[in-house]
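Report on one structure; see the data block that follows.
The values are calculated or read from the model by the stated rules, or taken from the named source; none is laboratory data. Just so it is clear, the model here is predicted, and its values are computed rather than measured. Here the Cβ positions follow ideal geometry from the backbone for every residue, glycine too, while neighbour counts run over all protein chains shown. These area figures cover heavy atoms from the full protein model, side chains too; ligands, DNA and RNA do not enter into them. Shrake-Rupley method; radii C 1.70, N 1.55, O 1.52, S 1.80 Å.
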Amino acid sequence: MLHTLGYTTTGELLADFPLEEIHTQDFKWFWVDFDQPTEEEKLLLTLFFRFHPLAVEDCLNRLQRPKLDYYDDFSFFVFHSICNDDMEAEELDLFLGTNFVVTFHLQHLREMQDARERIMRNPEKFEYGPKLVAYQIVDQVVDEYFPILYKIEDQLNEIEESLSPSTVHLSMDYVFDVRSDLLRLRRTIYPMRDLLYRILNSERLGLNTHEQIYFGDIYDHLLRLSEMVDSSRELTADIRDSQLSINSNQMNRIMMILTIISSIFIPLTFIAGVYGMNFSNMPELQWKYGYFIVMGLMLLIFVGMLLWFRHKGWLRIFKS
Amino acid sequence: MLHTLGYTTTGELLADFPLEEIHTQDFKWFWVDFDQPTEEEKLLLTLFFRFHPLAVEDCLNRLQRPKLDYYDDFSFFVFHSICNDDMEAEELDLFLGTNFVVTFHLQHLREMQDARERIMRNPEKFEYGPKLVAYQIVDQVVDEYFPILYKIEDQLNEIEESLSPSTVHLSMDYVFDVRSDLLRLRRTIYPMRDLLYRILNSERLGLNTHEQIYFGDIYDHLLRLSEMVDSSRELTADIRDSQLSINSNQMNRIMMILTIISSIFIPLTFIAGVYGMNFSNMPELQWKYGYFIVMGLMLLIFVGMLLWFRHKGWLRIFKS
Amino acid sequence: MLHTLGYTTTGELLADFPLEEIHTQDFKWFWVDFDQPTEEEKLLLTLFFRFHPLAVEDCLNRLQRPKLDYYDDFSFFVFHSICNDDMEAEELDLFLGTNFVVTFHLQHLREMQDARERIMRNPEKFEYGPKLVAYQIVDQVVDEYFPILYKIEDQLNEIEESLSPSTVHLSMDYVFDVRSDLLRLRRTIYPMRDLLYRILNSERLGLNTHEQIYFGDIYDHLLRLSEMVDSSRELTADIRDSQLSINSNQMNRIMMILTIISSIFIPLTFIAGVYGMNFSNMPELQWKYGYFIVMGLMLLIFVGMLLWFRHKGWLRIFKS
Amino acid sequence: MLHTLGYTTTGELLADFPLEEIHTQDFKWFWVDFDQPTEEEKLLLTLFFRFHPLAVEDCLNRLQRPKLDYYDDFSFFVFHSICNDDMEAEELDLFLGTNFVVTFHLQHLREMQDARERIMRNPEKFEYGPKLVAYQIVDQVVDEYFPILYKIEDQLNEIEESLSPSTVHLSMDYVFDVRSDLLRLRRTIYPMRDLLYRILNSERLGLNTHEQIYFGDIYDHLLRLSEMVDSSRELTADIRDSQLSINSNQMNRIMMILTIISSIFIPLTFIAGVYGMNFSNMPELQWKYGYFIVMGLMLLIFVGMLLWFRHKGWLRIFKS
Amino acid sequence: MLHTLGYTTTGELLADFPLEEIHTQDFKWFWVDFDQPTEEEKLLLTLFFRFHPLAVEDCLNRLQRPKLDYYDDFSFFVFHSICNDDMEAEELDLFLGTNFVVTFHLQHLREMQDARERIMRNPEKFEYGPKLVAYQIVDQVVDEYFPILYKIEDQLNEIEESLSPSTVHLSMDYVFDVRSDLLRLRRTIYPMRDLLYRILNSERLGLNTHEQIYFGDIYDHLLRLSEMVDSSRELTADIRDSQLSINSNQMNRIMMILTIISSIFIPLTFIAGVYGMNFSNMPELQWKYGYFIVMGLMLLIFVGMLLWFRHKGWLRIFKS
Ligand SMILES: [Mg+2]
Ligand SMILES: [Mg+2]
Ligand SMILES: [Mg+2]
Ligand SMILES: [Mg+2]
Ligand SMILES: [Mg+2]
Ligand SMILES: [Mg+2]
Ligand SMILES: [Mg+2]
Ligand SMILES: [Mg+2]
Ligand SMILES: [Mg+2]
Ligand SMILES: [Mg+2]
Ligand SMILES: [Mg+2]
Ligand SMILES: [Mg+2]
Ligand SMILES: [Mg+2]
Ligand SMILES: [Mg+2]
Ligand SMILES: [Mg+2]
Ligand SMILES: [Mg+2]
Ligand SMILES: [Mg+2]
Ligand SMILES: [Mg+2]
Ligand SMILES: [Mg+2]
Ligand SMILES: [Mg+2]
Ligand SMILES: [Mg+2]
Ligand SMILES: [Mg+2]
Ligand SMILES: [Mg+2]
Ligand SMILES: [Mg+2]
Ligand SMILES: [Mg+2]
Ligand SMILES: [Mg+2]
Ligand SMILES: [Mg+2]
Ligand SMILES: [Mg+2]
Ligand SMILES: [Mg+2]
Ligand SMILES: [Mg+2]
Ligand SMILES: [Mg+2]
C-alpha cells in the first residue's frame, strides 16, 4: 500500500491524501511511501513518477548494495534496514527530488511508521524541504542497528569473561555463528557508512550547514558502528584463539596423565608377567624371598619413575 | 569468424554486412566482432584497421589483465569474461574509436551474441554512438559473474549451517577448492572494478551524464562482486578455523576416553599380574580370603579412579 | 556540581564565581566545568547556554566516540578519558566558543582538577583565549593514557623474557586479557588521534602557530600511543604463537616418552604372556634353558628397540 | 668490458666504436654498456662521464633497491634483473641523459645482449632518442620475470590438485621454499612496479604520448606480476593450511584406532589377568562352566564396546 | 660534555672553541653537540640558546618518537640511533637554525664522532650551511642500522635453509626473539622513514636540489630498511609456521608407531592372557596341539594387522 504525507506552502501537514493531489495541491514537499507495493503500485514508479528505467530496475531487483546514483531530476538512494531477528538486510529505495521523497520497500519496515510519526509530531522542524525528511527516515533506519550490535558485544564480553577449560566447547559454536553474523552486518554497515560520507560531501545534493549537522550525526553513528563490527570480529578471533590454546593445554595435561600411568605400570606389568611364566626351570621362583625381592624391585621402579616425573614437573597436573 | 553490425546516419541498423562496406556506407557507428578468428582474420587488425602494434600484440597474447590503454585514434580495453564451468577467465579485447567498436576473442563468448540481440531489439537506444554499444557488451559480460558467486555463497552458507563433528572432514576439501576458485575470481573482478572506475573518471573517454549512469551501473555491480569475493573468502577462512577447532575438540575427547580406560585398567591389570606370578613362597596366595581382599582392593581403586575423573569433569564425554 | 574559572579583560583570574556573573563580568574567556551534574544542572546546557539540541543529546547519551562537530556559534568535541583501574573510557564533552569553554562529564575526572590547578599556577600563559585552556584540558587527559600503556608494555616484555614450558599455561590467560584490554584502548586512542589530526588541520578552528605547536604536541603523543597499542597487540600475538609452539613441542616430547615405553614393554609383555599360558603340551616349558633363552630373547628385543629409537634421535628427550 | 652503440644525426647505427668517438661523432643518442667492468673501467664513470658521486657510489655498492634519482644533467635508475636459477636479483644501473644511456652491471646480463640485437634489427624505431632505448632495455629485463612466476604458479596448481593424506608431507617442504622465493621476488617486483609508476608520471622525464604507451606497457606487466606474486603467496598459505588440516584429520583417525583397540582389549585383558591369579581359594575356578561364563562375559563386553563406538560413528574409519 | 665545530665566513673550520665565541666569531654555521650533558649543561638549552620550553621538554624526556616540530626560529628533530648490542633506540635531538645545528643525546653516540671527523676531512663540502651538517649526522646514524638488519637476515636465511625435524625446537626460541627485535626495530625505522619523507617535502625547511639529493639518499636507505624489516618479519612467520608443520608431521609419525605396536600386541596379549587363566575346566588346554593352534592364530592376527597397516600406507614410517 501507499502512504502519503505532504507539507503545503501554507504550512499545513497533510497525511494519506490520494496520489493525484500531488498535481493539484501546492506542496513545499511530499513523501510517498511504497509499503509492500502490489504489482499495480510498482508500475506507478514508471507511469506516474516517470523515474529512469535503471533506477526502477534497481528498486524491483533485490539485494542491491547501499548506493547513491544521480539522475537528471532526482537522486536515487539504496539504504539497508537490518532485521533484528535474522540480521538480514532489507532494501529501502529512496528517490529524492527538489520537492519530494519517494520510498520503496518490498517488506514492511517499522522505521517508516516511526519516521512518519516523528514528522507529524514536529512538522515545523521539517518545513525546509525533503532533505530533512530523508534525514529522519535514514536516522530511524540506522538507529535500529545499535541494539543488534550492543547485544553481540554484550554476549562476546560475557563469553570472554567466562572462558574456562570446562566450558570451552560450549561457546565454540556460538562464536563461529557470531563471526558470520558480523560478516553479514559488515556488508550493510560499511557501504552505508561510505554512502553517508558521499552524501555529506556531495556537491550535487548541496546540503546546507544545518542539514550537514544532521546527516553528519548519522555518519558519526555509522563510523562508530563500523568500528564496533571490526573490534567485535577481532574479539571473536581472540576468543577462538583462546579456545584453541585452552584445548591444546588440556590435551597436554590429558596426555601427561596417560603417559605417567602407562610409563609406571606397563614395565611393572611386564615384570609380573615374567614371573607368571610356566617354565619348569625358573630358579628365582624357588627362592625363599624371591617374591619379596621382586616386589621390592617393583617398588623401587615405581618410586624412581615418580621421582623422575616430579623432576620434570609433571606431577603438578594431579593437584589442580 | 567476423560479425558486423552498424547504425547508419539514416538511422538504419545493418547486420552481417561485408567488412568493406565500412568504407562505402555512412555509419554513425559500426561494431566488428572477431569471434574465434582464423589466422587470416587476425591479420585484419593490422592490415585493415591499422591498430597500433602494442595493442595488436595484446590481442594475440593470452592472459592479459583487464586494462585500458589510450592510443592516438582509439582506446584499447581488455575485459575478462568468466567461464561458468571452470571459472577460467577468457580475454575479451575491445577497440573503441569515435565511430566504431571492434571486439576480439579467441573463444566463442555467448555474451557477444546476447549483446548483439539486445541491440537489434532496441536499436534506437544506441543511436548516440559506440560507447553505449560498448556498455551493452561489458554489462553482458559482468552480469555473467553473478550466478557464479551466488552459487559459491549458497554452498558456503549451506556448509556453515551444517558443520558438525561427523561431517567435518567431508567439507574440508571442498572449502579449500572454493578458496582457490575465489582467488582466481578475484584476479578478474578486482582489475575489472578498477578498470570501470578508470572508465568512469576518464577525461579522454569523456562520457556524458547519460553514459556515466550506464557505466556507473556496471561499476556498482563490480563493487558488489568484489565485496562478495572478499566476504566469501573470509567465510571460508572461518569455516576452516571452525573445522580445526572441531577437530581439536574431538581429539581431546578421543584422548580422554583412551586415558580414562587406560588409567583405570592398566594398574588393575598389574595387580592381577602380581598374583599370577608363580613364586613358590607367596603367603597371600594361601590366605583364605586373599582372593576376595584383592578383588575388593581392585574395586576400591576402580571406584576411586572413577570419582577422580568425575571430579575433573571428564566423565561427561560418555554422555553425549 | 559546577566549577567556574574566568580570565577578565583586566587580566584577573577568577575562580568558582556564580554562573550568572558570566553576563555581568567582562571576561576574555571563562570555563564552566559540569562535574557529575545533577538533573537540574544538565538542563542548563539548553536553558542557560542554549546549545544545539544534537550537541546536548550527545552530552547526555553515553558511549559517544571521540569527535568534533561544528555548530554555528561553537565547536563541540567529545574526548575520552581512560580510567586507570578498569580501562573503561569515560566521556568528556567540550564546547568551545570564541570566549568560553564548557566541559561536561558524568563521572568525576581528576584531570579536570589538575588542569584547573595548572591554569591557576600560570594564568598569564592562558591570556590569549579559550583554545589554550582546551589544550591544557586535553593534554591532561592524554597524559593519563601513558602509564596504562607503559604498564602493559612492561608486563608483556616480562612475560616474553620468561616464557618456558613450565610457565606457559600461567601466562596464557593473562595474555588474552591484555589483548582485549588493548582492543578497548585502541577504540579510544585511534579516534582521539584522528580527532587531534582534524583539530590541527581545521580551518574552522583556525589555530595560530603558537596553538598549533601545543596541539601538535598532543597529536604527537597520540601517534606514539597508537603505535604502542599496535605493537603491543602484535607482541601478544607473538607470545600466544610462542606458547602454542611450546605446547606443541612439549606434546611431541610427552608422546615420545609414551611411545618409547609402550613400544618396548608391550611386545615383551606379550612374550611373557605366551609362556604364562597353561597348555598341557608346551615343549619349551620343559626345556632346561627355556627360561634363559626367552629372557635372552627379551633382552635382545629390548636393546634392539633402544638402538632403533636412538637412531631416530628420540632418546635425547630423557636427557634434558 | 664496454659495449657501445650509437645513432648518428645522419641516421646511421654504429656499434662497438671506441668510447672517445662520443666527443668526435655527431650522435642523436649513444648507449654505453658497462658489462662486468674492470676496476679501470669503473673509474670511467667518474673520470670520463663525470657522474655525481652519490650516483657512482650507488653503482659500485651492491644491493640497491630499484629507484629513480634526479641529478642536474641526468636521471639515475636502479633496476633489478632476476636470475632464473637462484631467483637472486642482479642490479642494473642506468644513467639517462638527453642524448645518452649508460648502463652498468657487475654480472653479465643476457638481456643487454638481447636489447642490443633488437635495436640493431629495427634501428629506425629508436631514432627519437635514448628514452626508447631505455624502454627496450627495461622491457627485456621485465619480460624475464614471467617464466619464473609462470613456473611457480604451475607447480603450485599441480600441488594443490594433488594434495592427499599420503603425499602431504612431501609437498610441505617445497611449499615453504616457494614462499621464501616469492618473498624474494616481491622485494624486486614491488619496487620495480612503483618505479615504473614514477617514470610514467614523472614531469622531469617528460615522456611523450608515444613513449608513455611503451613504458605503460611495462608498468602493466609489473602490475600483473605483483598480483601473481600476491596470489601465489596466498595460494601457498592455503596449501599450508590445507596440509595442517589434513594432518589434523589424520591424527584424529590414528588416535581413534588406538583408542578403539585399547578400550576394547585392555579391560578384557584385565579380566583374563584376574582368573590367571594363583590364589588357592578362588571358587569360580572350580565351577564347571566358569571358563565358559567368563568367555561369554568377555564377548558381551567386546560386542558392547563395538556397539558404543559404532554409535559414536567411529567405526567408519576402518572402512576407507 | 659539549663539542663545538664552526665554519667561519672566512672559510675556516674551528673545533672545540668555547661556547661564548658563538657571539664573538662570525660563523657561516656552527654545531654544538651536547654529549652526555651534565645537569648544568642541560640548562644551557634554555638559558643560553633560549629554545622553546616544549622542545626542551622533549629533549629531557626519554623515549620520544622520531619527529619534526617547527618553531619560530628553529626546527626541532628527534632521531633514533640504534645500539648494536641490545637493539635499543637511543634518542638524538637536533635543533636546526639558519646558521646552527645543536644536537643533544644522553648517551654517548659514536656516530657523532664519525660525523665530526668526516666534516673535518672535507670542510669545503659543508660550506653551504647547517643543513648539510645535519645530513652528515643523520646519514651516519642511519648507516648504522644496516649491519643490524643484515645480521638478522643472514641468520634467518641460515635457519630457513637448515630446518629439519631434529633441529626444529632449537631454532624456535631464537625465531621468537628475532620477531620481538624486529618489532622494536620497526618502531624506530618506520617513524624515521616518515620523518625523512616529511623533511624531503617540507616547504618550511626549503631544501634546494643539491640538499634534496643528499637527504633523498637517506630516505632511500630507510625505505629499503623498512622493507627489510617487513620481509624479515614475514620470514620469521613462515619459519614458525614451518616449524609447527614439522612438529605436527612428527606427531603423526610418533602416534602411528604407538598405534601400530599397540594395535598388534594388545589383542595378542589378551589371547595369551585367556589361556593363562587357571580354570580347572578349560578343554583347549588339554588338546595335544592346542598350544600350536593358538600360536598359529596369533601369527595370523599379527600378519593380518601388518597387512592392514601396510594397506593404509603406515609402514613407510619405519623406513626413513
Ligand atoms: Mg542497477
Ligand atoms: Mg530494490
Ligand atoms: Mg541517530
Ligand atoms: Mg536519533
Ligand atoms: Mg580471561
Ligand atoms: Mg547465524
Ligand atoms: Mg548524535
Ligand atoms: Mg595439535
Ligand atoms: Mg589477447
Ligand atoms: Mg548489469
Ligand atoms: Mg543488466
Ligand atoms: Mg554453526
Ligand atoms: Mg577447483
Ligand atoms: Mg555524553
Ligand atoms: Mg602531554
Ligand atoms: Mg604535558
Ligand atoms: Mg625467549
Ligand atoms: Mg580485562
Ligand atoms: Mg612533547
Ligand atoms: Mg650498484
Ligand atoms: Mg614486455
Ligand atoms: Mg616485449
Ligand atoms: Mg583439492
Ligand atoms: Mg629456495
Ligand atoms: Mg603489452
Ligand atoms: Mg629527549
Ligand atoms: Mg647513507
Ligand atoms: Mg653514507
Ligand atoms: Mg627448506
Ligand atoms: Mg631479544
Ligand atoms: Mg645511495
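Looking at (1) more than 30 Å from E:E211 (Cα to Cα); (2) part of a loop (DSSP other than H, G, I, E, B), can you tell me which one D:L149 breaks?
Single failed check for D:L149: (2).
Is at least one residue of segment E:300-308 within 16 Å of ligand 28 (Cβ to nearest atom) and more than 9 Å from every other protein chain (Cβ to nearest Cβ)?
Looking for residues that are within 16 Å of ligand 28 (Cβ to nearest atom) and more than 9 Å from every other protein chain (Cβ to nearest Cβ), one finds none in segment E:300-308, hence no.
With the checklist (1) under 29 Å from D:D181 (Cβ atoms); (2) within 16 Å of ligand 31 (Cβ to nearest atom) in hand, flag the one item D:T46 doesn't pass.
(1)
Return the residue satisfying two criteria in turn: it lies in segment B:185-228 and is polar (S, T, N, Q) and within 14 Å of chain A (Cβ to nearest Cβ), and of such residues it is nearest to ligand 23 (Cβ to nearest atom).
My answer is B:S226.
Quickly run through segment E:246-291 and pick out the residues that are under 20 Å from C:E284 (Cβ atoms) and more than 7 Å from every other protein chain (Cβ to nearest Cβ).
Across segment E:246-291, the qualifying residues are E:I271, E:E284, E:W287, E:Y289.
Conditions (1) crowded, with 20+ Cβ neighbours inside 10 Å; (2) under 25 Å from the mean Cα position of the chain (by Cα); (3) small (G, A, S), marked per residue:
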site	(1), (2), (3)
B:M120	no, no, no
B:P123	no, no, no
B:G129	no, no, yes
B:A134	yes, no, yes
B:V138	yes, yes, no
B:V141	yes, yes, no
B:F146	no, yes, no
B:Q155	no, yes, no
B:E158	no, yes, no
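Which one of the conditions (1) closer than 27 Å to A:H3 by Cα; (2) more than 16 Å from ligand 4 (Cβ to nearest atom) does A:D154 fail to meet, given that it meets all the rest?
Of everything listed in (1) closer than 27 Å to A:H3 by Cα; (2) more than 16 Å from ligand 4 (Cβ to nearest atom), A:D154 misses just condition (1).
Is it the case that some residue within segment D:89-98 is of a type in the set (A, V, I, L, M, F, W, C), open to solvent by less than 10 Å² (accessible area, probe 1.4 Å), within 26 Å of E:Y150 (Cβ to Cβ) and within 16 Å of ligand 21 (Cβ to nearest atom)?
Yes, because at least one residue in segment D:89-98 is of a type in the set (A, V, I, L, M, F, W, C), open to solvent by less than 10 Å² (accessible area, probe 1.4 Å), within 26 Å of E:Y150 (Cβ to Cβ) and within 16 Å of ligand 21 (Cβ to nearest atom).
Can you list the strands (runs of 3 or more DSSP E) found entirely within segment E:24-100 that contain at least 3 residues being of a type outside the set (S, T, N, Q), away from ligand 6 (no atom under 16 Å from the Cβ) and more than 30 Å from E:T10 (Cα to Cα)?
Those strands (runs of 3 or more DSSP E) span E:67-70, E:75-82, E:89-96.
Of the residues that make up segment E:161-168, is at least one open to solvent by less than 70 Å² (accessible area, probe 1.4 Å), in contact with a strand residue (DSSP E or B) (Cβ under 9 Å, 6 or more places away or on another chain) and away from ligand 3 (no atom under 16 Å from the Cβ)?
Checked against the condition, which is being open to solvent by less than 70 Å² (accessible area, probe 1.4 Å), in contact with a strand residue (DSSP E or B) (Cβ under 9 Å, 6 or more places away or on another chain) and away from ligand 3 (no atom under 16 Å from the Cβ), segment E:161-168 yields no hits at all.
From the list B:S226, B:S231, which one is open to solvent by less than 10 Å² (accessible area, probe 1.4 Å), in contact (Cβ under 8 Å) with a residue 40 or more places away in the chain and assigned to a helix (DSSP H, G or I)?
After ruling out the rest, the residue left standing is B:S226.
So which residues in segment B:26-55 are touching a residue at least 12 places away in the same chain (Cβ under 8 Å) and open to solvent by 70 Å² or more (accessible area, probe 1.4 Å)?
Result: B:D26, B:K28, B:Q36.
Evaluate the following for C:D177: is it of a type in the set (D, E, K, R), modelled with pLDDT of 90 or more and either part of a helix (DSSP H, G or I) or closer than 30 Å to C:Y7 by Cβ (or both)?
So C:D177 does not fit the description; no.
For residues that are touching a Ser or Thr at 6+ places or on another chain (Cβ under 9 Å) and open to solvent by 80 Å² or more (accessible area, probe 1.4 Å), tally how many sit in segment C:262-320.
Going through segment C:262-320 one residue at a time, the tally reaches 4.
Results for (1) of a type in the set (V, I, T); (2) in contact with an Asp or Glu (Cβ under 9 Å, 6 or more places away or on another chain), shown as yes or no for each residue.
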{"site": "A:I213", "(1), (2)": "yes, yes"}
{"site": "A:Q243", "(1), (2)": "no, no"}
{"site": "A:N252", "(1), (2)": "no, no"}
{"site": "A:I257", "(1), (2)": "yes, no"}
{"site": "A:S280", "(1), (2)": "no, no"}
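Please determine whether any residue of segment B:56-77 is over 28 Å from D:D217 (Cβ atoms), surrounded by 13 or more Cβ atoms within 10 Å (Cβ to Cβ), at pLDDT 90 or above and of a type in the set (A, V, I, L, M, F, W, C).
Within segment B:56-77 (the criterion being over 28 Å from D:D217 (Cβ atoms), surrounded by 13 or more Cβ atoms within 10 Å (Cβ to Cβ), at pLDDT 90 or above and of a type in the set (A, V, I, L, M, F, W, C)), the answer is no, since none of the residues qualifies.
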